[in-house]
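Colleague: Below: one structure in structure tokens.
Computed from the coordinates by the stated procedures, all read-outs in this text should not be read as laboratory data. Computed from a predicted model, the values in this text were never measured in an experiment. FYI the Cβ positions are ideal-geometry reconstructions off the backbone, even for glycines, and counts take in every protein chain you see.
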Amino acid sequence: MKLDNLTQSVGEWLRGTGPESDIVMSSRVRLARNVAQFPFVSRATEQDRAEIERFLRDRITSAPVGHGLEYIDVGGLEEVDRQFLVERQLISRELADAQGARGVGIDGREQVSLMINEEDHLRIQCVHSGLDLAGVWQQIRDVDDGIERVVPYAFHPRWGYLTACPTNVGTGIRVSVMLHLPALVMTRQIDKVFRSLHKISLAVRGLYGEGSQAMGDFYQISNQTTLGKTEEELVEQVGDVVPVLIEYERRAREFLVRETQQNVHDQVSRAYGILRTAQTITAEETMQLLSRVRMGVLLGLIGDVDISAINVLLVRTQPAHLQKIRGLELDTKDRNIERARYLRQHFEGGGEGSAAGNN
């Protein structure tokens with residue numbers, strides 16, 4: 001797989017085609033698995049990790065997984081390429097920053113990614129656009145069953161799947177939904193919502209999962225523990241909460257339009273104006289401004305802007321994507337200049353800076 005080709009395509013979570021995609025960016029299920037005859041990654045030697053990588057690579061690339069699975073040697077990538085895959089939600093930061101033999105199998109639709117030698121020997125991830133937990137659970141179950149036919153998982157009859165982290169023992173499942181919640185942030189209700197989620201054992205993380213900060217009002221909601229419940233129960237737990245969060249966000253947006261329309265319109269217009277004219281801009285500011293513009297488009301405050309293009313800009317203006325598109329390594333100052341140029345060119349209507357992309 002040539003990573004340069006991915007700069008011209010649209011990842012699954014950016015498509016904006018799934019149910020409730022005005023608020024729900026993506027639904028994801030991840031499974032942690034280990035191979036029975038090898039030590040956990042944290043206790044494995046360099047030789048062990050190399051043997052684990054070879055063992056799993058040979059088996060996942062021959063198993064019926066996804067659509068045209070391709071394998072990437074993550075250990076052999078440059079730093080910018082590893083970060084590129086992180087920004088695209090295809091690998092975790094932990095896998096990018098790890099040492100030794102490691103890799104990832106990615107299907108042609110960017111729905112399935114199979115990470116080898118992250119915290120566990122194997123992390124299976126499936127992502128769908130919008131709110132589709134039932135669909136993503138069905139897909140990852142089929143993928144897991146296919147791999148288990150050729151890989152002997154570490155499994156205990158009482159404790160379930162054995163994992164490096166105790167919080168993953170049992171089902172080894174993490175169910176998460178990425179939400180865009182700008183109105184709850186603007187009405188200062190977001191902290192109250194998060195406290196309520198914590199009380200029912202749901203975790204709130206940033207755009208890139210555990211350890212990441214929230215950027216642009218994007219949050220991942222996921223289960224905290226896996227032991228003592230079935231996979232279906234954990235999928236249902238997250239699935240029951242998301243419609244409530246969607247309703248809260250929609251009410252907050254309606255309140256903003258009804259009670260503070262002039263102020264909201266001003267914030268959206270200012271954000272749109274800066275994105276179209278800035279000469280230098282950071283990744284963090286870009287995310288925040290695109291968040292406001294995305295909300296403005298959905299509220300009908302901005303016309304002639306495609307929401308899927310805004311979704312794509314959220315990723316293509318990230319540091320590694322900018323450098324891959326430009327074909328050069330750039331320091332922070334030059335990235336900020338290039339990001340502003342890319343945004344101006346996009347909003348002016350085309351050229352190589354257009355974010356329309358290909359499906």
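Colleague: Count charges around residue 148 for me, please; just the other residues with Cβ under 15 Å from its Cβ, Lys/Arg as +1, Asp/Glu as -1.
Modeller: Surrounding charge for residue 148 is 0.
Colleague: Ok, one more. Quick check: net charge around residue 177, other residues with Cβ under 12 Å of its Cβ, Lys/Arg +1 and Asp/Glu -1?
Modeller: 0
Colleague: Taking the Cα centre of the stretch 146-198 as the origin, how large is its charge dipole in debye, to the nearest 20, when only Lys and Arg (+1) and Asp and Glu (-1) carry charge on their Cβ atoms?
Modeller: That gives the stretch 146-198 a dipole magnitude of about 140 debye.
Colleague: Mind putting a number on the dipole of the chain about its Cα centre? Charges go on the C-beta only, +1 for Lys and Arg and -1 for Asp and Glu, and I need it in Debye to the nearest 20.
Modeller: 600 debye
Colleague: Quick check: from the Cα gyration tensor, does the chain come out rounded (a/c under 1.5), prolate or oblate? The partial results should precede the final answer.
Modeller: Values: a/c = 2.19, a/b = 1.39, b/c = 1.57.
Taking the square roots of the gyration eigenvalues as a ≥ b ≥ c, the chain is oblate.
Colleague: Please list the helices of the chain that count as membrane-span-like by this rule: a mean Kyte-Doolittle hydropathy of at least -0.5 together with Cα atoms stretching 15 Å or more along the helix axis, each helix being a complete DSSP H run.
Modeller: Working: long enough: 46-60 (21 Å, -1.44); 133-148 (22 Å, -0.26); 231-277 (48 Å, -0.55); 283-298 (22 Å, 0.25); 332-348 (24 Å, -1.86).
Once both thresholds are applied, what remains is 133-148, 283-298.
Colleague: Would you grab the residues whose amide H sits under 5 Å from the one on residue 118? Only those 5+ places off in sequence or on another chain, please, with H modelled 1.01 Å from N.
Modeller: Residues meeting the amide H criterion: 123.
Colleague: Rounded, prolate or oblate for the stretch 259-353? Axes are the square roots of the Cα gyration tensor eigenvalues, ordered a ≥ b ≥ c, and the cut-off for rounded is a/c under 1.5.
Modeller: Prolate.
Colleague: Is the C-alpha gyration tensor of the stretch 3-177 telling us rounded, prolate or oblate? Criteria: a/c under 1.5 is rounded; beyond that, a/b larger than b/c is prolate, otherwise oblate.
Modeller: oblate
Colleague: List every residue whose amide H lies under 5 Å from the amide H of residue 132, counting only residues 5 or more places away in sequence or on a different chain, with H placed 1.01 Å from N in the peptide plane.
Modeller: 27
Colleague: Now for a separate question. To make sure I understand the rule: partners must be lysines, Cα under 22 Å from the Cα of residue 324, and not fewer than 8 residues away in the same chain. Which ones qualify?
Modeller: Candidates past the 8-residue exclusion: 2, 333.
Colleague: Which value in nm describes the separation of the simple spin-label points at residue 348 and residue 156, placed 7 Å from the Cα toward the beta carbon?
Modeller: In this crude spin-label approximation the distance works out to 6.2 nm.
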